[in-house]
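To start, the structure itself, in structure tokens.
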2 protein chains.
Amino acid sequence: MQQRREKSPSLAWRGRRAIASAIDLRSDSAVSSNGVAAATLIPTPTKDLSSGASDDPPFGILYSENFTIRCYEVGTNKKASIQTIANLLQEVACNQVRTLGFSTDGFATTLSMRKHHLIWVTVRMHIEMDDYPNWGDAVQAQTWFQENRNGTRRDWLLKDVNTGLTLGRATSTWVMMNQETRRFARINEEIRGEYHQYALDPPRFSFPEDHATYKKHQLAKLENAEHHITGLKPRRADLDMNQHVNNVAYIGWMMESLPADIANSHELRGIILEFKQECKHDDCVESMAAKFSPADQSGDEEHQFLHLLRLDGSSREINRGWTHWVKAKESSQQGA
Amino acid sequence: MQQRREKSPSLAWRGRRAIASAIDLRSDSAVSSNGVAAATLIPTPTKDLSSGASDDPPFGILYSENFTIRCYEVGTNKKASIQTIANLLQEVACNQVRTLGFSTDGFATTLSMRKHHLIWVTVRMHIEMDDYPNWGDAVQAQTWFQENRNGTRRDWLLKDVNTGLTLGRATSTWVMMNQETRRFARINEEIRGEYHQYALDPPRFSFPEDHATYKKHQLAKLENAEHHITGLKPRRADLDMNQHVNNVAYIGWMMESLPADIANSHELRGIILEFKQECKHDDCVESMAAKFSPADQSGDEEHQFLHLLRLDGSSREINRGWTHWVKAKESSQQGA
């Protein structure tokens, strides 16, 4: 049942270059290594899921949990869908902050944050998958967060519990927002003092994508895309505890505008979401996608797309996105 | 965190009468007790989740598994949604048939079934919930199946692992269908011989709703309902391993046509789904709902609705439904 595809170093590097190109269509520059050198990269995974080394951070700062993939969490290719992966990332992050004692209203708010009506919001999410687990497979999700200039960065590492192989990596960027004015807020020293002790220090990146790179390479905005679908509406079940459309619903909408031949015969290797605006229950959404092919890709083996979700009949953006698709093996077809 | 509401016997009985009335709007008869007397009803739940009695059926025939409710599985009221409950019922049933050695293509097919291109399809599902678990709560789901005249009946019992209290009960009816002609098929002795040994005998019902009652009290078909919504489309993520829209998506569509004041201030106590026709990815669906108030209900405390899902602009039914809503406590508002 296990058919793991470990990327060769050269392929992994090509993947990174391709991502960098897609991130900013106006630039051909490779991923900047600024800041990465100072951080510890996750070592090559081994059979032993937890290192147990003496320099491990205090309990709870690196937080892990195992999850079994359920039958309704797999797609038509019988593997976990990207929505399932995103859900598990959310679950393990929520469980960490709850374990650490934060309130989960507004995701991990501190006492001072609640006093000032401040909440954490995610502005960016990046997931890279080497392979997807099957129904019944046990997955270890590890997560931690670290401070950056304007907020926090949360990373994840997903491993197959049985083989110890890495299935995927993810990173996200979080900033503070005033719950009433919906405007971004600066983090003061009082608030920082409440979560600083739980941040991983020195930082450790699940993959080498540093804050400086992100700032320079925001996703381009699509205007008139070749593939689009209108009239997408949130369902009641898409609303989270805080009455907003769950971020994972955005992934589903991005997939809706994708050409069927890609969705049915390719597997998603990477996805970036840039969250621009919250979506509410009575909004109506348009999903757009356009193919983007870097020079080092050939034929039907690999495809990259840029995505845009916006309010129907309006220029108000909800979400920008990027996806990377690789031709699925015969047994894994119909992979969206 | 535990706020369990155990129904008093009289309330439970009133609930049953109300269901019977809703099941057939053309009849005032109470639930028939035909067949129920001959079956063992599930005993009042105790702190001990498994009885361990010497007359327990062989291993695997009564199958149990524990699940932890994840943060993305709760709704705006911070409790598990009915979709989550339906998903868990599906998961524990799939895990049982896999454990027993059946193929899970077409749900629990036997060797002879595959030879004759036959699959199991569910034609009816009935869930009754006393209470819903919160994020992080552990739920024990127990399931078993038993033979009936034209196929099988599968039952479930959901308990709170921590308190041992019953959270809900469910039952479903399964018949055999030819995968190519999509017509119902009779079960021959060869096929019956392959699953007979795994059926619970004597039968045990999670709640007293026998096959005879079901046959007599099919849900009425809605024609022009006061609440309706059109243009509902399956998303890629709604497709299951077998390329059909997952049954749980139907529940979401039923909720979409429900008036907001009911969905936001009431909790779902019971739901019946009668599956009429499979739905595919490019179908467009209309959801209709109409209030139905039995004489023994008063004010805003309780509501019952009849539902219909049909192909947009057509009379072709996908699904008939019935839901039962009870005013939520202040802390559980926004309950859909």
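The values are calculated or read from the model by the stated rules, or taken from the named source; none is laboratory data. Quick caveat, the model's predicted, so the values are computed rather than measured. Areas reflect the complete protein model, heavy atoms only, side chains present, ligands, DNA and RNA absent. Shrake-Rupley method; radii C 1.70, N 1.55, O 1.52, S 1.80 Å.
Backbone geometry of the range A:271-287 corresponds, through the Karplus equation with coefficients 6.51, -1.76 and 1.60 at θ = phi - 60°, to 3J(HN,Hα) couplings of 8, 10, 10, 10, 7, 9, 7, 6, 10, 10, 4, 9, 6, 10, 10, 10, 10 Hz, x marking Gly and Pro. Under 5 Å between amide hydrogens, built in the peptide plane, is the criterion, and for B:Gln179 it picks out B:Leu118, B:Ile119 among residues at least 5 positions away or on other chains. Measure up A:Lys221/A:Lys276; A:Lys280/B:Lys221; A:Lys280/B:Lys78; B:Lys78/B:Lys329; B:Lys79/B:Lys329; B:Lys78/B:Lys327 against 22 Å on the Cα-Cα distance and list the ones that go over. Exceeds cut-off: A:Lys280/B:Lys221.
Beyond 22 Å, what percent of the Cα pairs of the range B:222-329 remain? Here the long-distance tail beyond 22 Å is 31 percent of all Cα pairs in the range B:222-329.
Gain on full extension, evaluated as 0.36 nm per residue between B:Asn150 and B:Arg192 minus their Cα-Cα distance, stands at 14.0 nm. Summed over both chains, the area buried between B and A is near 3800 Å², taken from the accessible surface of protein heavy atoms with a 1.4 Å probe. Using θ = phi - 60° in the Karplus curve 6.51 cos²θ - 1.76 cosθ + 1.60, the 3J(HN,Hα) couplings for the range A:188-199 round to 8, 5, 4, 5, 4, x, 7, 10, 3, 5, 9, 7 Hz; x is entered for Gly and Pro.
Quarter the surface of the alpha carbon convex hull of the range A:99-188 and you get the mean projected area, 7.2 square nanometres.
Segment B:Phe184..B:Arg98, full-extension length gain: 28.6 nm, with 0.36 nm per residue of separation and the alpha-carbon distance subtracted.
In order along the range A:133-140, phi translates into HN-Hα couplings of x, 8, 3, x, 5, 9, 10, 9 Hz, rounded to whole numbers, per the Karplus curve 6.51 cos²θ - 1.76 cosθ + 1.60 with θ = phi - 60° and x for Gly and Pro. For B:Asn246, nonlocal amide neighbours, meaning residues 5 or more places apart or on other chains whose placed amide H falls under 5 Å from its own, are B:Leu239, B:Asp240. Pair-distance distribution of the range A:111-269: all C-alpha pairs, bin width 10 Å, starting at 0; shares per bin in whole percent are 8, 27, 37, 23, 6, 0.
So for the range B:79-133, considering every pair of alpha-carbon atoms, how many percent are separated by more than 17 Å?
48 percent
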